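Shown next, in structure tokens, is the structure this report addresses.
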Amino acid sequence: RICSALIVAVGCGAQKQNYTIGAWIPGTSNNMLATLRPIFEDYLNQIVGPQTSPPVNFKLVPVDYTEETSSYNMISNGKLDFLYTVAGKISCTVVEHGWAVISTRRVRINGKDSGADGCVVYSLKTNTAIQNVTDLENKKLGVGNILEVATYQSGYQLLAENMVYILKDVSQFVIYGNDYERQYQDVLSGKIDGGFLSSTWLEQTHPDFMDYVNVHRELHLSYESEEFPFVTSTPLIPQYGLAASELVPWELKHVVARTLQGLQPTHPAAVGAKLAGFTGPATYAGVLTTQKAMKIISSPEVGHS
């Protein structure tokens, strides 16, 4: 039997009806579910479901908030079909599991759109002992997750370029993981001297942050011929990506990607998540280069659908 129409073709390829999307954003798993369910459950089920026979269903689950919800383990155990997360983890997933990036998000913050992100290396403005990157030597710094580029890897590289090595003394840095907010508040309160945070998270969550902190090596860059509207201390990387398992039928991957790319910035689900929508898959090659330089992964390329 030859499948001649999309509604049949996806049905022929898709032997199962229920697909699981794992997702991560900073904060708590409950916050992630409240923010992203309108996109990855309600919107996809409404638009993609009727295009398949029998209709497929998407369920959103939290990943990487606890050891038990490690995306690596969940993928290895066959519990995920799609993964939506930061660039560094997307790159690792593609290399380690052979998944394909099918779409990349664009953020919308105070009317400014971007498909990129950067790392802000910062310290408290009233801390006059820190005026530039080299002053961060022997200071206590906060980082996000070791696998994240915008909250660890890019900041580490910037400091290393200036002969500041935070790994020489483990007491010199604090890993905050998912809790970006706690890191930021600890800098403001003086518990730590500075930190590395995502440009877009800071702009989104604390639009007045420049009133309180100094950004070290403030850059204004372009990304794919588009001016990056926010400040960064480091080269830019793509925004969060959506990757799909090689076991997901090819046709279904493309229906999902096309549906997400049809999400308008004015749609309530996009507004609630502060997104300008989705594009085709960005290249995560620069992310891979950073990860190879830091010996996090060693595969030579990052695949796409």
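Summary of computed values
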quantity	calculated
Euclidean distance between Cα centres, segment 150-202 to segment 79-145, Å	11
Mean Cα-pair separation over length for the chain, i.e. relative contact order, pairs under 8 Å, 6 or more apart, %	27
Amide H contacts under 5 Å for residue 263, placed H, 5+ residues apart	278
In Å², nearest 10: area of residue 230 left accessible to a 1.4 Å probe	10
Fraction of the pair-distance distribution of segment 11-132 above 16 Å, Cα-Cα pairs, percent	70
Segments 144-151, 185-192, 240-247 sorted - mean Cβ within 10 Å per residue, highest first	144-151, 240-247, 185-192
Listed candidates [x] 170; [y] 181; [z] 131 - label of the one calculated as volume of the Cα convex hull per residue in Å³	[z]
Of all accessible heavy-atom area on segment 192-254, the percent that carbon and sulfur account for (1.4 Å)	48
Unit charges on C-beta of K, R, D, E only; dipole of the chain, Debye	600
Straight-distance crosslink candidates among aspartates and glutamates, where the alpha carbon sits under 12 Å from residue 140 and sequence neighbours closer than 8 are dropped	169, 186, 193
Over 26 Å (Cα to Cα) - which of 253/274; 125/191; 89/253; 125/292 fall in this group	125/292
Residue-by-residue Karplus 3J(HN,Hα) for segment 97-111, coefficients 6.51, -1.76, 1.60, Hz, glycine and proline x	10, x, 6, 10, 6, 10, 6, 10, 7, 10, 8, 10, 10, 6, x
Accessible surface, per residue, of the chain when the full set of protein chains is kept, probe 1.4 Å, Å²	44
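The values are calculated or read from the model by the stated rules, or taken from the named source; none is laboratory data. Computed from a prediction, not measured in an experiment: that's the story for all the values here. Ideal geometry is used to build each Cβ from the backbone, glycine not excepted, and the neighbour counts take in all protein chains shown. Side chains included, ligands, DNA and RNA excluded: accessible areas come from the protein's heavy atoms. Shrake-Rupley method; radii C 1.70, N 1.55, O 1.52, S 1.80 Å.
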